[in-house]
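These notes are about the structure you will find just below.
The values are calculated or read from the model by the stated rules, or taken from the named source; none is laboratory data. The shown structure was predicted, so the numbers you read here are calculated from the model rather than taken from an experiment. For neighbour counting, all protein chains shown are included, and Cβ atoms are generated from backbone atoms with ideal geometry for every residue, glycine included. These accessible areas exclude ligands, DNA and RNA; they are computed on the full protein's heavy atoms, side chains included. Shrake-Rupley method; radii C 1.70, N 1.55, O 1.52, S 1.80 Å.
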Amino acid sequence: MIEGTGAKLNHVAIIMDGNGRWANERAHRRVWGHVRGSSVVSNIVEEADDLGLKALTLYAFSTENWSRPLTEVKTLFSLLKKFLKKERARILKNKIRFKVIGDIDKLPEETKKLIVDLEDETKTFEGLKLTFAFGYGGRDEIAKAVNKFIAENPGQPITQDAICANMMAPEIGDVDLLIRTGGDQRISNFLLWQSAYAELFFTPTKWPDFTREEFKKIVVDVLARERRFGNVAATDSLSESLSIAEKNKKELEELQTRSH
Ligand code: IPE
Ligand code: IPE
Ligand code: MG
């Protein structure tokens with residue numbers, strides 16, 4: 001965790017957007033933007049590690065991105081494969097725990113094997129939790145979590161805790177800061193459940209131009225924000241706010257019973 005005058009940050013999630021426009025502005029095809037964008041990823045992972053974050057989740061391919069031209073989809077697949085091959089050694093050296101959330105079923109067998117092997121090799125690591133969201137949609141993840149719980153616990157009521165525990169990577173927890181590059185101000189079906197109380201930061205910088213310096217500056221800016229989680233004063237976390245809420249509700253109940 002890193003701590004500022006206001007916020008405490010464990011988990012940062014990034015919507016890496018703007019590759020296509022970046023390339024078009026330079027009279028290149030969209031895929032060139034993806035090629036340039038993919039080379040930015042390792043710098044940002046390194047900075048997240050240096051900053052002491054616990055988790056970094058990167059949105060690489062959404063359930064909706066399946067609607068793009070197949071040549072573009074294939075380029076994104078091959079860039080993921082290249083990244084895995086190129087970064088494997090560094091991920092192992094830095095004790096990064098790597099995981100992919102989403103649906104990787106339609107990826108080529110070789111890429112799926114690279115993912116499964118790296119997940120397996122890094123599963124006991126205690127360093128940065130690096131998660132790639134690929135073939136990922138927040139609604140899809142929630143629906144799958146609910147179905148998994150129902151299948152394993154027939155007849156039991158679904159609770160918030162049960163949904164959290166059945167997410168694709170429950171250990172990454174709530175998002176503290178959600179950054180989107182590329183200038184658009186929307187969530188685009190990313191980590192909907194986990195971002196319930198996330199700080200949001202939208203930068204006009206397109207992903208291929210995003211630097212570790214800008215990333216650090218955003219984190220430092222957000223560390224100065226006061227997070228209240230529904231309270232009137234600075235509060236440490238959503239769970240702290242919820243436990244205060246429970247205590248208040250009990251006290252109120254007692255007062256009401258006494259006054260009857
Ligand atoms: C983000 O860049 C990468 C993916 C969605 C895979 P885009 O490809 O969406 O780039 P823009 O938003 O069209 O510029
Ligand atoms: C969100 O970007 C998905 C990723 C960055 C992987 P999009 O470019 O697909 O989002 P929209 O379509 O502009 O909302
Ligand atoms: Mg986009």
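For the chain, the longest principal axis of the Cα atoms and the long axis of helix 138-152 meet at an angle of about 60 degrees.
So between residue 88 and residue 106, what do we pick up on full extension, going 0.36 nm a residue minus the alpha carbon distance? Mind dumping the intermediate values first?
On the way: separation 18, 0.36 × 18 = 6.48 nm, distance 2.18 nm.
The span from residue 88 to residue 106 would gain 4.3 nm if fully extended.
Comparing 24, 122, 10 along the charge dipole axis of the stretch 2-227, the residue lying farthest to the positive side is 24, per the Cβ-charge model.
Between 151, 224, 89, the Gaussian network model of the chain with springs among Cα atoms under 10 angstrom shows the greatest mean-square fluctuation at 151. A Förster radius of 45 Å, combined with the Cβ-Cβ distance separating residue 233 from residue 211, puts the computed FRET efficiency at roughly 0.80.
Can you give the charge dipole size of the chain about its Cα centre, rounded to the nearest 20 debye, using +1 on the beta carbon of Lys and Arg and -1 on the beta carbon of Asp and Glu? Numbers along the way, then the final one.
Details: 40 positive and 39 negative charges, 190 e Å.
About 920 debye.
Take the chain and mark each of the GluC sites (Glu not before Pro) that is in a DSSP loop with at most 15 other Cβ atoms within 10 Å; the longest unmarked stretch, sites excluded, is 1-125. Amide H contacts of residue 100: 132, each under 5 Å away and 5 or more positions distant or on a separate chain (H built 1.01 Å from N in the peptide plane; Pro and chain starts excluded). For trypsin sites (Lys or Arg not before Pro), the sites in the stretch 60-161 that DSSP calls loop and that have at most 15 other Cβ atoms within 10 Å are 95, 106, 123. In the stretch 106-260, the alpha-carbon atoms span a convex hull of 192 Å³ per residue. In the chain, the longest principal axis of the Cα atoms and the axis of helix 238-259 are about 20 degrees apart.
Put simply, the amide H of residue 180, placed in the peptide plane, has neighbours under 5 Å in 15, 201, 202, 203, leaving out anything fewer than 5 places away on its chain.
Computed from backbone phi, the HN-Hα couplings of the stretch 193-205 come to 5, 6, 9, 3, 10, 5, 6, 10, 9, 10, 10, x, 4 Hz, rounded to whole numbers (Karplus: 6.51 cos²θ - 1.76 cosθ + 1.60, θ = phi - 60°; Gly and Pro given as x).
Quick check on my link table: of 99/247; 8/206; 144/206; 82/206, which ones sit more than 29 Å apart, alpha carbon to alpha carbon? Beyond 29 Å between Cα atoms: 99/247; 144/206. By the helix-only formula, in which each DSSP H run with n ≥ 4 contributes -39500 (n - 2.57) and the sum is divided by residues, the chain has a 222 nm mean residue ellipticity of -15500 deg cm²/dmol. Each of 196, 257, 238 was scored by the projection of its Cα onto the charge dipole of the chain, and the greatest displacement toward the positive side belongs to 196; charges sit on the C-beta of Lys, Arg, Asp and Glu.
Relative to the longest principal axis of the Cα atoms of the chain, helix 30-51 runs at roughly 50 degrees. Once Rh for the chain is found with the Kirkwood sum over Cα pairs, what is the Stokes-Einstein diffusion coefficient at 4 °C and 1.567 mPa s, in µm²/s? Answer from the Stokes-Einstein relation: 65 µm²/s.
About the Cα centre, and with charges only on the beta carbon of Lys, Arg (+1) and Asp, Glu (-1), how big is the dipole of the stretch 91-193? Nearest 20 debye, please. Don't jump to the answer; show the numbers that get you there.
Numbers: 14 positive and 17 negative charges, 39 e Å.
The calculation lands at about 180 debye.
Per residue, the accessible area of the stretch 2-227 comes to 49 Å² when a 1.4 Å probe rolls over the protein heavy atoms.
Find how many whole Å separate the alpha carbon centroid of the stretch 36-51 from the alpha carbon centroid of the stretch 129-180. One Cα centre to the other: 25 Å. For the chain, set up a Gaussian network in which alpha carbons nearer than 10 Å are linked by springs, and say which option among 124, 235, 203 fluctuates the most. Residue with maximal mean-square fluctuation among 124, 235, 203: 124.
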